[in-house]
Structure formats: C-alpha cells, structure tokens
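To start, the structure under review is shown below, and the notes come after it.
The values are calculated or read from the model by the stated rules, or taken from the named source; none is laboratory data. As the structure is a computational prediction, the values presented were derived from the model and not from experiment. In this analysis, Cβ positions are derived from the backbone assuming ideal geometry, glycine residues included, and neighbour counts consider all displayed protein chains.
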Amino acid sequence: MQYYLFLLGATLLYSVQFVFLKYFQKVRGTGLAASIAFSGGAAAVLFVVLLCANGLRIAFSPFSLGVAALYAAAMIGMNAAGIKSLGYVSLSLYTLFSMPGGMLLPVLYGVCTGEAMTWMKGAGLAVLLAALLLAVRDTGKPGLTGALCCAGIFVLNGSFGIFTKWHQSSPLAVPTLDFLILFSAITAAASVLLLIPLAAYGRSKNRGARSARAGAQAAESCAAEEQNGDSAAARDEGETRGDGQGPRCGAAAKRENVLSWASVAGYAAVNGGAQLIVMFCAQYVDASVQYPIITGGCVLFSVVTGLLFGEKATPRAILRAALAVIGTLLFMF
C-alpha cells in the first residue's frame, strides 16, 4: 500500500510539471530552440541539485551510461514534440496523448518480460484506450505537424517506462540517484551542443530580418513625410511573445523572461522528484500496475490544471478523465 501512496505523489508531481511546460510554451513559443533550451535548462538544474544531494559523488557503469543516453535523447525529443503540440491541442488533450503512451508501452514490455496480465488489467487497458480514442477524435484537424507531435509524445513517453524498468531490473545498474545524475548531465550537454548551430542560424536569420525591417521603416518614413510633412513615429521593437501577441515593452519582456526560466526550474524540481519516486517504485511494483496508475491520475488532474490556462472542462473532457480513472482502478485489483 505504501508504494501506491508513493505513486500518487509521483502522479501529482507529473501533473504539476505540465503546468510549467504550458507556461513556458505560452511565453517562449513552440520553436525547436526554445524546447531544447527548456530541456537543457531543466536538466542543468536537476544535475546540480542531485549532485549536491549525492555528496558530489557519481557512480558509473557503461550500462547505466548507455541507458541514460537513450533516456536523455527521449527526453529532448519528448519536450520538443510536447511544446510544439501545445500549439495545436489543449493541455488536457496533450496529457491524454502523453500518459497512455507512458502506460501502454511499459505494460506491453512488462508482459513480454514475464509479468502477469489478468482479466482486470486487460479490462482496465481497454478502458484507457477508449479514453485515448476520445482524445484522438477531439483533436479536430491539427495538421500533419500536430499529428506527428502527438504521435511522438505517445511513443517517447512510453519509452521512459521501458528504459526505467530495464535499468532498474539489471544487476549492472548504478543506484537510482546516480542514474538520474548521469541522465541530467547528458541531457544538459547534448542540449548545449544542439543549441550552438541553432543559435548561429538564428543570429544569421535575425540580421537579415533587421536589414529588411530597417529598409521597410525607411520607406514608411519617406512616405509619411511626403504626405504629412512629419517624420514617422519611432517604434519600439521590444520582444515578441511566443504566443504571437506582438511587441512587448522592456519591463514586461524582462518579467516574462524571468518567469519563463523560473518555470524551467520548477519543472526540473517536480519532474526530478517524480522520476526519483517512479524509479524507486519500479523495483517493487510491476510496470503493468505502476504506469496505468500514473496515467489515470495525470489524465484526471489535467482537467483541473487546464482550467488555469482558460481551458473549459467540457462534458467530453470530463468523460475522458472518468474513463481514465476507471481504467486505472481496474489495474489495482
């Protein structure tokens, strides 16, 4: 019973992390560079915290390093697809694509490695899949990019459970805390390496955009002088918000910049805590039980967290959440 309580705590943390992710997307946008910066920033914070908690020591094994590299690649891809998808679907729908993937693939992996699949678990799986089908219908027409992103978060989130169970069940694995330190270090380093060419490309693109904008402003100024005899009013370029709401004044832009990076730190804290709990419980709870519990809880809480961003708790959203909870309960018996 105590492990179920631990998993409930992890579920709450995972649900809160989506709030930080959504806020970052609203402020910074859905670009690839922003998503990689998010992954790298969160990993850097997690690395420092865990390293200090571990007494500045890191245990190492080639097996754990390899699994940590796979985990890091999945995390960077997951955040990139997740932040992009939030430009097409609501937070509750994002959760419904993310969490069933985090349940279905680990369950199938658990069955393939010898875990028992009872009739109750099979019924729970069917109910959770019904909730997912409702989510697919409610996405409308997100376009090819949105559809690929939703499929990506489904698969990549499922890979975390497989990597976790694989690592924790191996005699070659390092302790949980050391594994998360390796994972966060690789994620942060890989993010920096990916951002270098993206930053160079962005600077080149911005120089071209500034030149074109300067020419357009000069033409507007000349036209205004010819018509009114007055020079055109100066324009404050400011910073452009990720949600496309146009230029912002310096003070507002700085405030949003600080809050967006605070959301990265918050995400690192709750995600790291949730991963630590999940990896600990993976040693004692079957994957076919653990991940459905997390899935159902996150889907339920996503309806509540979506209200924070103005999303409506529609009857269909409540139905999806109810099906997810019922499916989760079936897995517990």
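The table below gives the values:
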read-out: Enumerated helices (runs of 4 or more DSSP H) restricted to the stretch 42-150, each holding at least 3 residues that are modelled with pLDDT under 80; value: 91-112, 119-138
read-out: Meets criteria (modelled with pLDDT of 75 or more, out of contact with any Ser or Thr (no Cβ under 9 Å at 6 or more places or on another chain) and assigned to a helix (DSSP H, G or I)) for V285; value: no
read-out: Subset of the stretch 1-45 that is aliphatic (A, V, I, L, M) and touching a Leu at 6+ places or on another chain (Cβ under 8 Å) - its residue that is surrounded by the fewest Cβ atoms within 10 Å (Cβ to Cβ); value: L32
read-out: Residues located in the stretch 111-124, provided they are touching a Leu at 6+ places or on another chain (Cβ under 8 Å) and more than 12 Å from I326 (Cβ to Cβ); value: K121
read-out: Residues (crowded, with 20+ Cβ neighbours inside 10 Å, out of contact with any Leu (no Cβ under 9 Å at 6 or more places or on another chain) and not small (G, A, S)) located in the stretch 254-285; value: V264
read-out: Test: residue in the stretch 46-54 that is closer than 12 Å to Y267 by Cβ and either basic (K, R) or more than 14 Å from the chain's Cα centre (by Cα) (or both); value: yes
